[in-house]
1. List the strands (runs of 3 or more DSSP E) that sit entirely inside the stretch 253-328 and contain at least 1 residues that are open to solvent by 20 Å² or more (accessible area, probe 1.4 Å).
2. Could you please let me know if residue 356 is within 21 Å of residue 197 (Cα to Cα) and either assigned to a loop (DSSP other than H, G, I, E, B) or not hydroxyl-bearing (Ser, Thr, Tyr) (or both)?
3. Could you look through the stretch 43-54, keep only residues that are closer than 15 Å to residue 103 by Cα and buried (at least 20 other Cβ atoms within 10 Å of the Cβ), and pick out the one that is modelled with the lowest pLDDT?
4. Whether any residue in the stretch 96-103 is touching an Asp or Glu at 6+ places or on another chain (Cβ under 6 Å) and in contact (Cβ under 8 Å) with a residue 40 or more places away in the chain is what I want to check.
5. State which residue is farthest from the ligand (Cβ to nearest atom) when the search covers only the stretch 218-230 and only residues that are open to solvent by 10 Å² or more (accessible area, probe 1.4 Å) and farther than 16 Å from residue 26 by Cβ.
6. Which pairs have Cβ atoms under 8 Å, sit 6 or more apart or on different chains, and link a residue in the stretch 163-186 that is at pLDDT below 95 to one that is of a type in the set (S, T, N, Q) and not in a loop (DSSP other than H, G, I, E, B)?
7. For residues in the stretch 231-252 being touching a residue at least 60 places away in the same chain (Cβ under 8 Å) and under 21 Å from residue 205 (Cβ atoms), which is most open to solvent (accessible area, probe 1.4 Å)?
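The values are calculated or read from the model by the stated rules, or taken from the named source; none is laboratory data. Remember, predicted model here, so these are calculated numbers, not experimental data. Cβ atoms come from the backbone with ideal geometry, glycine included; neighbour counts cover every protein chain shown. In case anyone asks, the SASA skips ligands and DNA or RNA and just uses the protein heavy atoms, side chains included. Shrake-Rupley method; radii C 1.70, N 1.55, O 1.52, S 1.80 Å.
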Amino acid sequence: MENGSCATQPDEMKIGITCYPTVGGSGILATSLGEELARRGHEVHFISYERPFRLPSDLPRLHFHPVSVNEYPLFKYPDYTLPLSVRMAEVSRDQGLDVLHVHYAVPHATAAILARSMLPPDRQPRVVTTLHGTDTTLLGCDPGYGPAIHHALSCSDAVTTVSAFLERETRRLLGFDGPMDVIHNFFEPRPPRRPRDEVRRELGVRDETLLLHSSNLRPLKRIDLLLETVSRLRPRDAVKLVILAGGSFEPFTELMRRLGLQDRVVVREKVNDIEDYLQAADVGLFTSENESFCLSILEAMCFACPSVARRVGGIPEVVEDNVSGVLVPSDDPDVLAAAVQDLIGKPERRAAMGRAAQRRAREKFSAEAIVPRYEAVYRRVCG
Ligand code: GMT
């Protein structure tokens, strides 16, 4: 651990949080964490290029500090790391931050380490870095990023990962052998804004089973496999799939048409009130080739919606196979479809699984279970 001091060490701390503010699991988690910390009496300062989209504007002790990035024609590639680090240093100094908690290593951890070293030793915040997934599994393997990520982790006062799987991968891929805390994600659903029936009507769903998929549609999410799987379900008109898309669905429209799924798939892009759709769904379907956790599965579990997912990455830490969901050790659409078909055909099994999923979400992955673990890390690094 490097020099520095935690100005305040009472129960309430001053915490800076940096995350990606747009739709995406790491940003959603960081935003909820900030909100929960503020509710528990801490002062929380978000530092990012945009206000996180789910950040409430009316909660006391919750602040947002924008980072402005100028575009200089001199630079071929715009730089965010330096203006971010300068803003982090300013906010740390002006607000007397105890901790800078950065979500997703690139470039946030590097910026935090730089920000800390810009301040005099007695004004330096502790740096906590939370790894979310592709910062290790994708960028960690890139020789242009790996050494910088490793350096930022080594200089952090604490490193956390969102699953035991990701901790193992961080050791394996980055060769990082420092301490890491595994702190699973949590989700605190907001009350839906519209009744379930109204949302199902909006989606054109009557008696059909409503499948739900929610992701940023990156190649790793295997949207092709998702559509192939749905195309094998019978009878076709007994199911509909709603996709809550954090990216453009356009690249998949041709495949959707080819599979004859135009009237079976409804896409909603950049949805803010996800709870409306989560409560309306019957079964989640997730075909990613890798996930360190898969927050989307947890979001569905909170609404007693069990998921069928591939048995990859940290997903088995979230879902117990055949108890709170179904895990499929295959990327064969026929095998995935058989698992979905089974749940469609057995509503009682599905309901029991939904209840188990909701119970597990409350017991293991609620704010009450998880936020104190982050508070303990903050206290430890300030201790
Ligand atoms: O999966 C993505 O493309 C988004 C990414 C992110 O940074 O928002 O998600 C990662 O973090 C989430 C929150 O911790 C996890 O639930 C996702 O599993 C993880 N994605 C991957 O590991 C691919």
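1. Values: elements: 265-269, 283-286, 307-310, 325-328.
Of the strands (runs of 3 or more DSSP E) lying wholly inside the stretch 253-328, those with at least 1 residues that are open to solvent by 20 Å² or more (accessible area, probe 1.4 Å) span 265-269, 307-310.
2. On the way: within 21 Å of residue 197 (Cα to Cα): no; either assigned to a loop (DSSP other than H, G, I, E, B) or not hydroxyl-bearing (Ser, Thr, Tyr) (or both): yes.
When the stated conditions are applied, residue 356 does not pass them.
3. In this case the residue turns out to be 52.
4. Filtering the stretch 96-103 for residues touching an Asp or Glu at 6+ places or on another chain (Cβ under 6 Å) gives none.
No, the stretch 96-103 has no match at all.
5. Let us first name the residues in the stretch 218-230 that are open to solvent by 10 Å² or more (accessible area, probe 1.4 Å), namely 218-222, 224, 228.
Those left that are additionally farther than 16 Å from residue 26 by Cβ: 219, 222, 224, 228.
Details: 219: 10, 222: 11, 224: 16, 228: 20 Å.
So the residue we want is 228.
6. If the second residue must be of a type in the set (S, T, N, Q) and not in a loop (DSSP other than H, G, I, E, B), no pairs are left.
7. If we take residues in the stretch 231-252 being touching a residue at least 60 places away in the same chain (Cβ under 8 Å) and under 21 Å from residue 205 (Cβ atoms), then 234 is most open to solvent (accessible area, probe 1.4 Å).
For (1) open to solvent by less than 70 Å² (accessible area, probe 1.4 Å); (2) among the aliphatic types (A, V, I, L, M), each residue gets a yes or a no:
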| residue | (1), (2) |
| --- | --- |
| 30 | yes, yes |
| 37 | yes, yes |
| 41 | yes, no |
| 57 | no, no |
| 61 | no, no |
| 72 | no, no |
